[in-house]
Amino acid sequence: MHARSPPTARSARHVSCCCCCSSRFPIAAMGTRSVALVLLAAVLLQALLPASAAEGLVRIALKKRPIDENSRVASRLSGEEGARRLGLRGANSLGGGGGEGDIVALKNYMNAQYFGEIGIGTPAQKFTVIFDTGSSNLWVPSAKCYFSIACFFHSRYKSGQSSTYQKNGKPAAIQYGTGSIAGFFSEDSVTVGDLVVKDQEFIEATKEPGLTFMVAKFDGILGLGFQEISVGDAVPVWYKMVEQGLVSDPVFSFWFNRHSDEGEGGEIVFGGMDPSHYKGNHTYVPVSQKGYWQFEMGDVLIGGKTTGFCASGCSAIADSGTSLLAGPTAIITEINEKIGATGVVSQECKTVVSQYGQQILDLLLAETQPSKICSQVGLCTFDGKHGVSAGIKSVVDDEAGESNGLQSGPMCNACEMAVVWMQNQLAQNKTQDLILNYINQLCDKLPSPMGESSVDCGNLASMPEIAFTIGGKKFALKPEQYILKVGEGPAAQCISGFTAMDIPPPRGPLWILGDVFMGAYHTVFDYGKMRVGFAKSA
């Protein structure tokens, strides 16, 4: 997602994590293919906050560290620390009263990485982890990791030094978008803030090949997704917190401080939410599919004007492990064009427009079914539902045996994008010449293979708001919220917070609302009521 790895998406999951400017959603997360391309950032977490005085909650502070230009290639998470203590329990208190809770301080790295500290074993061995709502396993490097250089750059778990260690030994492996880990399961106590989760199954990583985890400043990942995507069907840490009665309310919330010059980076509150971190009421939407924190989203607007792409609905994921905001290439390209972002020119796109543009327009004007147009012009075959590159079969879903996506060639992909763009322009009554010229401009703005696009830092004032419709309400992002600035003065570089990621039907189109979005909107993950809530961050 970045040529010059800017702070962008996730750590090591395939879509969610993008270590070393890559991705982070585990590609094979226990029977669920997660796809996402995002940068994974890394920031060392400082010591956890002292035990919180607030009743019913536990905080994990997210803290910041100075920008390390050598680590930009590993940027992914963003975060900030929230170290203030909470008030007394009551109608306005966090969590709504009763029970235990915890607040974990997080560190912020360039508004692209958020990390916190946990302990494993008795006495607790400290590890810096990404709290990742886009994956579900806990893993840290093992002292038995002998042949992966990455392990020697991080804290390693030593089972022989823990009195609560229990042997498991079941093998485990997770493939991320930009890296992988392998090892075996063990069980031990896990300390998160003031909470001690007993008998927690986690992965001791004995193999971390490549550079992805070597350059990352986090030691491991603590997944906060659902068990449905847990490798090895391991029970996630959050489930154990609820089962063991460590939190009174089955709710956790994220606050990211996007002011990277401040000391505090943000915090996670286990057991509720801190009213000082948001304004007004939360808008809640139900979880539509367990695995990731997935919900249904409506139209996407650029400068108040509909794109039409999600007018009939799209799926989205609230993902703390993704630095950027990822979405379908066709719409991300339009957004980046409107904000003046410069991507990599796609020759295939321009070729399609020059050779087939008029024919596509004619078919659209003749009210040909849009999904059949690219097959009619000979760039795709039509399988009854989707356009598929000639000579390439549809992928069959490993689990359901249904069509899970397409392995489309570049010309087919470019044609399908052109159809979407032309539809939108025709709906605005643009002339054919204007439409073809506009599509050519969009081709110039196609993101680079790693997804990054840069903008002129001096043009923020003229950039439009980008809004997402959730629960019938529009959640707008201002330029200063969706542009990431790296460096200061004349040497400063500004990066678009939008990156392309295509997940075909039936699972897509899918949007990944990462830290760019969660930084602007305080996010509540309500496990008890199976819903996600958003309110403007304070």
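Below, the figures for the structure above:
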| read-out | value |
| --- | --- |
| Flagged links, alpha-carbon separation over 21 Å, of 170/529; 338/474; 279/338 | 170/529; 279/338 |
| Rg followed by Dmax, in Å, when region 159-219 is reduced to its Cα trace | 13.3, 36 |
| Amide proton proximity set for residue 299, modelled H, under 5 Å, gap of 5+ | 469 |
| Cross-link table 240/485; 144/217; 290/485, entries beyond 30 Å C-alpha to C-alpha | 240/485; 290/485 |
| Summed residue charge, Cβ within 15 Å of residue 351's Cβ, Lys/Arg positive, Asp/Glu negative | -2 |
| Accessible surface of residue 536 - all protein chains present, 1.4 Å probe, nearest 10 Å² | 110 Å² |
| For region 217-295, diffusion coefficient by Stokes-Einstein and Kirkwood Rh (Cα), 4 °C, 1.567 mPa s, µm²/s | 87 µm²/s |
| Where N is the number of residues in region 442-538, Cα Rg divided by 2.2 N^0.38 Å | 1.25 |
| Phi to ³J(HN,Hα) by Karplus 6.51 cos²θ - 1.76 cosθ + 1.60 over region 181-198, Hz, x for Gly, Pro | 9, 8, x, 8, 7, 9, 10, 6, 6, 10, 9, 10, x, 8, 8, 10, 8, 8 |
| Debye intensity ratio I(q)/I(0), log10, region 188-258, q values 0.16, 0.29 Å⁻¹ (C-alpha model) | -0.72, -1.38 |
| Cα pair distances in region 125-195, grouped into 10 Å bins until the bin that holds the longest one, percent each | 15, 52, 30, 2 |
| Residues whose placed amide H lies under 5 Å from that of residue 137, excluding near-sequence neighbours | 223, 231 |
| Long-range HN-HN contacts of residue 200 with modeled amide H, under 5 Å | 188, 189, 190 |
| Using θ = phi - 60° and Karplus 6.51 cos²θ - 1.76 cosθ + 1.60, couplings along region 202-212 (whole Hz; Gly, Pro as x) | 8, 9, 8, 7, 10, 9, 9, x, x, 8, 3 |
| Backbone HN-Hα couplings from phi across region 428-433 [Karplus 6.51/-1.76/1.60, Hz, Gly and Pro as x] | 9, 6, 7, 6, 5, 4 |
| Compactness of region 239-335 as Cα Rg over 2.2 N^0.38 Å, two decimals | 1.33 |
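The values are calculated or read from the model by the stated rules, or taken from the named source; none is laboratory data. Just so you know, these numbers come straight off a predicted model, no measurement behind them. Because the Cβ atoms are built from the backbone with ideal geometry, glycine has one as well, and the counts that use them run over all protein chains shown. For accessibility, only protein heavy atoms count, side chains too; no ligands or nucleic acids. Shrake-Rupley method; radii C 1.70, N 1.55, O 1.52, S 1.80 Å.
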